[in-house]
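The values are calculated or read from the model by the stated rules, or taken from the named source; none is laboratory data. This one's a predicted model, so the numbers in the text were calculated from it and none came from an experiment. Ideal geometry is used to build each Cβ from the backbone, glycine not excepted, and the neighbour counts take in all protein chains shown. Only protein heavy atoms, including side chains, enter the accessible area calculation; ligands, DNA and RNA are left aside. Shrake-Rupley method; radii C 1.70, N 1.55, O 1.52, S 1.80 Å.
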Amino acid sequence: MTKKYVYLFSEGNASMKNLLGGKGANLAEMTGLGLPVPQGFTVSTEACTKYYEDGKTISGEVLDEIHAALAKSEEINNKKFGDPANPYLVSVRSGARASMPGMMDTILNLGLNDVTVEGLAKLTSNVRFAYDSYRRFIQMFSDVVMGVEKSLFEEILDAVKTAKGAKQDTDLTADDLKEVVKKYKALYKKQKGEDFPQEPKNQLIEAVKAVFRSWDNPRAIVYRRLNDIPGDWGTAVNVQAMVFGNMGDDSGTGVAFTRNPATGEKKLYGEFLMNAQGEDVVAGIRTPLAISELEKTMPEVYKQFTDIAQVLEDHYRDMQDMEFTIERGKLFMLQTRNGKRTAAAALKVAVDLVAEGKLTKEEALLKVDPKQLDALLHPTFDSDALKKAKPISRGLPASPGAACGKLYFTAEDAVEAAKAGEKVVLARLETSPEDIEGMDVSQGILTSRGGMTSHAAVVARGMGTCCVAGCGDLVIKEKNKTMTTADGKTFKEGDWISLDGSTGNVYGEAIGTKPAELTGDFGTIMAWADAVRTLKVRTNADTPRDAAQAVNFGAEGIGLCRTEHMFFNEDRIAAMREMIVSKTEEQRRKALNKLLPMQKEDFKGIYKAMGERPVTIRFLDPPLHEFLPTEEADIKALAKDMILRYDDLVQTIASLHEFNPMLGHRGCRLAVTYPEIAEMQTRAVIEAAIEVKQELGLNILPEIMIPLVGEEKELKFVKDIVDNTVKKVFAEKGVTLEYMVGTMIEVPRAAVTADDIAKQAEFFSFGTNDLTQMTFGFSRDDAGKFLDDYYQRKIYESDPFAKLDQTGVGKLVKMAVELGKKTRPNIKLGICGEHGGEPSSVIFCHNIGLNYVSCSPFRVPIARLAAAHAVILAKQA
């Protein structure tokens, strides 16, 4: 059977969304419902894919189908392309299978030329309207299809308006618009070296190509990456008979939602303009009227429109976003789609639709995008103030929320300012573990280097702190305490700055923020999700505060407690440094004995915050040089405390520095070299559990996680240290309790030898941040410098550190799961990398049989909802 590439609206329906795109499928569905839809045809997404496969050309067979569909459309509409007496004019619009508002291109009034414009004028007895439509078409076609700057045409229009004393476009007369058309055509000839195209069929084919090309424009590529839309889907092209909202005061155009997209209120919400075309409403050239005003202007049309809106919402069982045009008092529906909405509106609409009997709870859960929940959990800016503010730079939206504070460039200065009652934003080239206290007191964190999973991003998300990372056009000079923008403006310490962690925008002024509000609908949706999901959701937390926050958001345990974060506090770093620079085991043990009670108290606090929920504690992971001072004054102070010569200490610090710490002396390798570190940490974990059990009667089951294992014997060596230390503690205390020892699978060798490693490990927790780095062979902190090139060239469609690479890294995870279960059928399996809070990665984890995911506290609700989606989608598959 010959493949079909072009469909009349009457030949399709809503189920053909993948082929016809969302817009085309819905136009076909509305046609089938008998609604007033201007007729036309859809060139399918497969034709777009073929266009790219054929070297960006439209093949002969697709051209033949377009011309055949055009002929049928002319018959249906009783008009002909290029006919001077009764010209057929069309709009050419994109329409991907996933809604991408404003990302791709549209051309209106196609089919107009020097002859048909006169025919249109006679036919409508409206010369002004005809030339208004022609000038719009010339501008759109030149811009979208031929690449002539839109602003050049706007300059001409503004000049004519100024010369004629016209405030609005509608104040221009027919003769004025003829002059505009003449100037537009002259501009086109100057820019392109040829006359403006006059043959309508050629105009159409060039417009179709332009829409196909717009699938790969920069904003569409970025939008796809942010919304997980595959690049090989392509876009359909909808060719639809024009209806005109700019024919006079009995004509108009508008956009409306069946419910309020900001709040979810069940009330028609939208805007319209009389004597206008669609782009006038979107562009904001004129101030539109509220949709309710249409009832006064055209009561019959308003009644018809509200009836259709209800029909569409009932039919699609979701809030609809509709575009309409009124031509000489007659209503036409140009589009409907499930409307984009805020997080709060999404929850309300979902809950209300269940209450109204239109959706089941499971269907309603799928109407809420898990990623949207982020917006509900973090502070937001005052929307009116934000509209007036202009960004000074833009980076990566690494951790959501809104932050406003005074600029500081070191963690120490940030801490001092916060103690004095200042609101602080910490700006760094990049953050390191040493900055943790400064990060903790900051409203927001700004870095000029690093990506979405850089240290700053990971820690900020864990804290629920706003972060904009990788703001490469900012020059941050930490020693000078200055930050300079790309246009040369310099900000100094103490200047006000605001960060939008949801967009990546940076503002050089104070913008007011308001705290997050969790509505009753949030609790309802979460309860429905929890009733459906089977995957447990834990949190990554290193402090009692973070643990308590996560429990508040529904966490069922801790999947990753990073012990190294506990050693950077001011009262501990000295003992840690003393341990590191010690020359003998005796000296090291002396320093470790100082750290033991501190670490034990930390674990007790976390156990208490978690109740009897499981807690996985990862032993020391980073290379030791990260804990050592780099400033001369700090080195001298440490030398004095340790009774060491300054020069000897400098040499020791230099010897510990690693060229590639990612692959260096860290993780379990530290315990192999210095078993006493693992002994101290084991003692802290077990003694804390015993003491909390005795004090509060809580049964704690500690899970000790050995990081960076790549070999069974390596894990056995460290596990033996743990087991022997536990026996000593039990003997000393006269108490026993259950505990588990497992490992973090983050080295590719561990994944492929997981059957051997499972002989020693009682659980696996996948550290997909490092596993991704080692599998791809690039650093997450440096990858941001070149990943954009990969997106533009379609080598990668998403950041593998933000969204799990299921094809490569995911294959290693799946292999490790299967191998681990062969050796130990009841092995506990989880993930604690940043991917544990990314919805598509959570679904993958469910599908391969993990027991839990673990993520930062503020992503726990996202993971809970995504885990419910996983169950529902698996049923539908």
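This table checks each residue for (1) assigned to a helix (DSSP H, G or I); (2) out of contact with any helix residue (DSSP H, G or I) (no Cβ under 7 Å at 6 or more places or on another chain).
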position: 577; (1), (2): yes, no
position: 587; (1), (2): yes, yes
position: 591; (1), (2): yes, no
position: 598; (1), (2): yes, yes
position: 604; (1), (2): yes, no
position: 622; (1), (2): no, no
position: 635; (1), (2): yes, no
position: 655; (1), (2): yes, yes
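Taking the stated definitions as given, is residue 822 part of a helix (DSSP H, G or I), among the charged types (D, E, K, R) and in contact with an Asp or Glu (Cβ under 8 Å, 6 or more places away or on another chain)? Yes: the conditions hold for residue 822.
May I ask you to say which residue of 720, 756 is touching an Asp or Glu at 6+ places or on another chain (Cβ under 9 Å), farther than 25 Å from residue 837 by Cβ and at pLDDT 95 or above? Criteria check complete, one pass: 756.
Each row is one residue, and each column tells you yes or no for (1) in contact with a Leu (Cβ under 7 Å, 6 or more places away or on another chain); (2) open to solvent by less than 50 Å² (accessible area, probe 1.4 Å).
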residue	(1), (2)
203	yes, yes
224	no, yes
229	no, yes
250	no, no
263	no, no
272	yes, yes
303	no, no
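Among the residues of the stretch 130-159, those that are out of contact with any strand residue (DSSP E or B) (no Cβ under 8 Å at 6 or more places or on another chain), within 28 Å of residue 214 (Cβ to Cβ) and hydrophobic (A, V, I, L, M, F, W, C) comprise 130, 138, 146, 148, 152, 153, 156, 157. Scanning the stretch 45-95 for residues that are open to solvent by less than 50 Å² (accessible area, probe 1.4 Å) and free of Cβ contacts under 8 Å to residues at least 12 places away in the same chain returns 59, 60, 71. A single entry from 132, 114, 158, 169 fulfils the requirement of being acidic (Asp, Glu), open to solvent by 40 Å² or more (accessible area, probe 1.4 Å) and either in contact with a Ser or Thr (Cβ under 7 Å, 6 or more places away or on another chain) or in contact (Cβ under 8 Å) with a residue 40 or more places away in the chain (or both): 114.
The set of residues from the stretch 583-610 being open to solvent by less than 10 Å² (accessible area, probe 1.4 Å) and either closer than 27 Å to residue 652 by Cα or free of Cβ contacts under 8 Å to residues at least 60 places away in the same chain (or both) comprises 591, 592, 595, 599.
Which residues, counting only those in the stretch 159-177, are charged (D, E, K, R) and either at pLDDT below 90 or under 12 Å from residue 138 (Cβ atoms) (or both)? Answer for the stretch 159-177, where residues must be charged (D, E, K, R) and either at pLDDT below 90 or under 12 Å from residue 138 (Cβ atoms) (or both): 167, 169, 171. For residue 10, the conditions (1) among the hydroxyl-bearing types (Ser, Thr, Tyr); (2) closer than 28 Å to residue 312 by Cβ; (3) part of a loop (DSSP other than H, G, I, E, B) are fulfilled apart from (3). Restricting attention to the stretch 477-498, does a residue exist that is part of a strand (DSSP E or B), crowded, with 24+ Cβ neighbours inside 10 Å, among the hydroxyl-bearing types (Ser, Thr, Tyr) and out of contact with any Lys or Arg (no Cβ under 9 Å at 6 or more places or on another chain)? Yes, there is a match, as at least one residue in the stretch 477-498 is part of a strand (DSSP E or B), crowded, with 24+ Cβ neighbours inside 10 Å, among the hydroxyl-bearing types (Ser, Thr, Tyr) and out of contact with any Lys or Arg (no Cβ under 9 Å at 6 or more places or on another chain). Regarding the stretch 551-567, can at least one residue be identified that is more than 16 Å from residue 463 (Cα to Cα), open to solvent by 30 Å² or more (accessible area, probe 1.4 Å) and in contact (Cβ under 8 Å) with a residue 12 or more places away in the chain? Among the residues of the stretch 551-567, at least one is more than 16 Å from residue 463 (Cα to Cα), open to solvent by 30 Å² or more (accessible area, probe 1.4 Å) and in contact (Cβ under 8 Å) with a residue 12 or more places away in the chain, which makes the answer yes.
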